[in-house]
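What follows is a set of notes on a single structure, which appears directly below.
The values are calculated or read from the model by the stated rules, or taken from the named source; none is laboratory data. Everything quoted here is computed from the prediction, not taken from an experiment. Neighbour counts run over all protein chains shown; Cβ positions are idealised from the backbone, glycine included. Just the protein is used for accessible areas: all its heavy atoms, side chains included, with ligands, DNA and RNA removed. Shrake-Rupley method; radii C 1.70, N 1.55, O 1.52, S 1.80 Å.
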Amino acid sequence: MSKKLFIETLGCAMNSRDSEHMIAELHEKEGYETTDDFKEADLILINTCSVREKPVSKLFSELGVFNKKKKADAKIGVCGCTASHLGDEIIKRAPYVDFVLGARNVSKITDVLHKPKSVEIDINYDESEFAFKDFRSSPYKAYINISIGCDKSCTYCIVPKTRGEEVSIPLDLIVGEAAKAVQNGAKEVFLLGQNVNNYGRRFSGEHKRVNFTHLLKKLSEIDGLERIRFTSPHPFHMDDEFIEEFATNPKICKSMHMPLQSGSTKVLKDMKRGYSKEWFLNRVEKLKSICPDVSISTDIIVAFPGESDEDFEDTLDVMRKVKFEQIFSFKYSPRPETEAQHYTNVVDPDVASQRLTQLQALHTEFVDEITNAQEGKTFKVYFEELNSDGYVSGRTDNNFSVRVKGSEELLGTFRDVKITSCARTMLTGELVD
Ligand code: 5AD
Ligand code: SF4
């Protein structure tokens with residue numbers, strides 16, 4: 001009987017791809033098959049996120065539950081960003097943990113498995129050319145890393161300390177991976193990196209000069225590849241060349257994530273984001289002027305140290321001007337090893353909660369307006385998921401989720417759908433072809 005692997009993945013899309021890599025390595029080299037039930041697993045992995053404090057504190061209670069209820073000889077490994085930043089402290093606090101594997105050491109998964117109590121968290125370890133074994137959680141869409149690490153020094157962010165300095169993956173490897181995924185049936189690729197549009201800044205070996213726009217052009221030459229998505233671009237690197245390629249290349253999906261973080265130029269400066277409110281609005285204006293159907297999503301942090309009522313008003317002002325289709329909003333959470341953890345001008349927690357509520361309420365207002373306006377329109381939808389309630393769902397080019405009544409023949413196909421009703425996160429429609 002095969003050995004069973006249970007893996008829980010927290011955090012971002014990079015972490016999801018890291019989990020796919022670990023599943024593939026463990027399957028090919030050690031014969032593991034995945035299970036959804038940790039009680040029957042021989043190996044339990046938690047792929048952690050450390051970007052905010054809450055998930056980190058939850059880790060130890062979760063580990064306790066795993067330890068109590070797991071099979072007697074099952075191993076437990078802690079991977080990902082919290083593994084990178086807490087290191088052997090994890091084994092000190094939870095001595096039953098068998099190994100700790102940092103976010104930049106994923107390729108060592110089959111080594112640590114056989115080294116009791118090993119802690120591999122070197123953030124200078126270079127995995128940019130490692131040939132991971134193959135595994136994709138969806139046959140329709142391929143997540144592909146284009147860089148590892150992050151070179152920015154945003155004062156609130158722990159990621160440069162958990163994922164190390166930024167290294168781009170060679171262009172030929174990315175194009176080869178995309179072509180192979182397409183051969184295996186995927187029609188969409190999703191490019192991943194902390195700052196994708198800083199691609200090409202540094203390679204670990206010799207490499208010709210390239211940037212993200214070159215990479216997008218090269219990928220769009222692949223026959224059979226129909227959609228390209230990516231996350232996250234950085235507003236600072238959104239030059240005209242990039243925005244023009246985004247707008248005019250028909251294979252690039254018209255959905256842009258633009259992490260604003262704050263609408264106040266003063267707070268942006270304190271965060272060391274490298275752009276102002278005006279620059280952000282200017283980039284949005286340029287984008288919308290040549291790509292009117294684009295949908296824009298964002299990340300916002302409220303109550304960063306020193307954020308005044310006026311600063312917060314600037315964030316609301318940008319919200320009203322841009323009308324983001326989707327926002328991911330958070331209260332500032334001080335993180336170890338960051339510059340901002342030492343800032344003393346903290347915002348009162350009640351004020352922070354009020355601001356988050358106000359921001360989210362404003363967003364809800366215009367999100368309903370945006371989604372309701374889709375009724376009666378026809379979109380090309382790429383179907384990717386079979387739901388249990390007789391619906392099949394997929395996404396439009398500009399990232400709306402759409403479902404229609406149907407069955408698995410629709411999976412992996414593009415179909416025109418006319419929208420008949422709208423709810424906040426899902427449009428429902430009928431096939432028109
Ligand atoms: N506190 C709150 N939110 C944070 N993020 C990153 N660091 C912090 C922090 N210390 C948010 C940012 C980032 C997203 C992934 O998480 O908005 O874009
Ligand atoms: Fe992803 Fe950042 Fe969380 Fe690491 S800390 S998993 S890079 S969101």
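Quick check on Met1: is it aliphatic (A, V, I, L, M) and outside any helix (DSSP H, G or I)? Yes, satisfied.
With region 242-327 as the region, which helices (runs of 4 or more DSSP H) entirely inside it contain at least 2 residues that are of a type in the set (Asp, Glu) and away from ligand 2 (no atom under 16 Å from the Cβ)?
Correct list: 277-290, 309-322.
Yes/no matrix, rows are residues, columns are (1) over 21 Å from the mean Cα position of the chain (by Cα); (2) open to solvent by less than 30 Å² (accessible area, probe 1.4 Å); (3) among the hydroxyl-bearing types (Ser, Thr, Tyr):
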position	(1), (2), (3)
Lys3	yes, no, no
Ile44	yes, yes, no
Asn47	no, yes, no
Arg52	no, no, no
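Does any residue of region 321-338 turn out to be at positive phi, within 25 Å of the chain's Cα centre (by Cα) and open to solvent by less than 70 Å² (accessible area, probe 1.4 Å)? No: region 321-338 contains no residue that is at positive phi, within 25 Å of the chain's Cα centre (by Cα) and open to solvent by less than 70 Å² (accessible area, probe 1.4 Å). So, Phe135, is that one touching a His at 6+ places or on another chain (Cβ under 8 Å), at negative phi and aromatic (Phe, Trp, Tyr) or not? Yes; evaluated as a whole, the condition is true for this residue.
Within region 149-176, the residues that satisfy the criterion of being surrounded by fewer than 21 Cβ atoms within 10 Å (Cβ to Cβ) and either at positive phi or more than 16 Å from ligand 2 (Cβ to nearest atom) (or both) are Pro170, Leu171, Asp172, Leu173, Val175, Gly176. Can you find a residue in region 45-64 that is out of contact with any Asp or Glu (no Cβ under 9 Å at 6 or more places or on another chain) and on the phi > 0 side of the Ramachandran plot? No, because not a single residue in region 45-64 is out of contact with any Asp or Glu (no Cβ under 9 Å at 6 or more places or on another chain) and on the phi > 0 side of the Ramachandran plot. Every test in (1) more than 14 Å from ligand 1 (Cβ to nearest atom); (2) surrounded by 16 or more Cβ atoms within 10 Å (Cβ to Cβ) is passed by Glu307 save one, and that test is (1). In summary, helices (runs of 4 or more DSSP H) completely within region 74-137 and bearing 3 or more residues that are within 16 Å of ligand 2 (Cβ to nearest atom) occur at 81-86.
Just one residue in the set Thr248, Thr231 is over 21 Å from Tyr140 (Cα atoms), at pLDDT 95 or above, open to solvent by 10 Å² or more (accessible area, probe 1.4 Å) and β-branched (Val, Ile, Thr); that residue is Thr248. Scanning region 328-356 for residues that are without any contact (Cβ under 8 Å) to a residue 60 or more places away in the chain and either within 11 Å of ligand 1 (Cβ to nearest atom) or assigned to a loop (DSSP other than H, G, I, E, B) (or both) yields Phe328, Ser329, Lys331, Gln341, Thr344, Asn345, Val346, Val347, Asp348, Ala352, Leu356. Among the conditions (1) open to solvent by 60 Å² or more (accessible area, probe 1.4 Å); (2) in contact (Cβ under 8 Å) with a residue 60 or more places away in the chain; (3) more than 20 Å from Ser50 (Cα to Cα), Gly205 misses just one, which is (1). Of the residues Thr9, Thr82, Thr35, Thr48, the single one that is more than 23 Å from Thr162 (Cβ to Cβ) and of a type in the set (S, T, N, Q) is Thr35. For Lys277, the conditions (1) charged (D, E, K, R); (2) on the phi > 0 side of the Ramachandran plot; (3) buried (at least 20 other Cβ atoms within 10 Å of the Cβ) all hold with the exception of (2).
Being at negative phi and small (Gly, Ala, Ser) is the filter here; which residues of region 207-266 pass it?
Initial filter on region 207-266 (at negative phi): 207-223, 225-260, 262-266.
Within region 207-266, Ser220, Ser232, Ala247, Ser255, Ser262, Gly263, Ser264 meet the criteria.
The combined condition, being open to solvent by less than 10 Å² (accessible area, probe 1.4 Å), free of Cβ contacts under 8 Å to residues at least 24 places away in the same chain and not assigned by TED's automatic domain parsing to the domain that holds Ile146, is fulfilled by Leu268. For region 177-202, the set of residues classified as in contact with a Phe, Trp or Tyr (Cβ under 6 Å, 6 or more places away or on another chain), open to solvent by 10 Å² or more (accessible area, probe 1.4 Å) and closer than 19 Å to Lys133 by Cα consists of Phe190 only.
Being more than 16 Å from ligand 1 (Cβ to nearest atom), open to solvent by 10 Å² or more (accessible area, probe 1.4 Å), free of Cβ contacts under 8 Å to residues at least 60 places away in the same chain and closer than 27 Å to Asp126 by Cα holds for only one residue in Asp88, Asp36, Asp73, and it is Asp88.
Looking at region 365-382, can you tell me whether even one residue there is within 16 Å of ligand 1 (Cβ to nearest atom) and under 24 Å from the mean Cα position of the chain (by Cα)? Don't jump to the end; show me each part of the working.
We begin by selecting, within region 365-382, every residue within 16 Å of ligand 1 (Cβ to nearest atom); these are none.
No.
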